[in-house]
1. Projected onto the charge dipole of the chain (+1 at Lys/Arg Cβ, -1 at Asp/Glu Cβ, origin at the Cα centre), which of 43, 71, 28 gives the Cα projection farthest towards the positive end?
2. At 0.36 nm per residue, minus the direct Cα-Cα distance, what do residue 59 and residue 23 gain on full extension? Give it in nm, one decimal, please.
3. Which shape class, rounded, prolate or oblate, goes with the range 3-82 when its Cα gyration tensor gives a ≥ b ≥ c as root eigenvalues, a/c under 1.5 marks rounded, and past that a/b bigger than b/c marks prolate?
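Just so it is clear, none of the values below were taken in a lab; they were calculated from the coordinates. Not measured: the values here are computed from a predicted model. Every residue, glycine as well, gets a Cβ built from its backbone with ideal geometry; the counts of neighbours run over all protein chains shown.
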Amino acid sequence: MNQEQQNHLNNLLSKMNIPDSRRRDYNWLIRNLAVKNEEHKYFEETMKLILKILKARNLLKKSDEKYILKQLQEGKESEDQSS
């Protein structure tokens, strides 16, 4: 991950309802970002960026990738139903 990606992620997270102490805890973000931010306009972009960062660092567990992709899919489905 480069500094530009990290800065972009920090910018996205600053606009969401997340404790400051958790903004660099990617495992926590994977599991909890949707709790209060699933409807946030930057939720999908943020989750994709976290996925990209973890892949680049070879820190992504298969179960975490599946969880992220499921969260993103559920978000798209709820958007489709509300349209």
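1. With unit charges placed on the Cβ atoms, the residue in question is 28.
2. 11.3 nm
3. Oblate.
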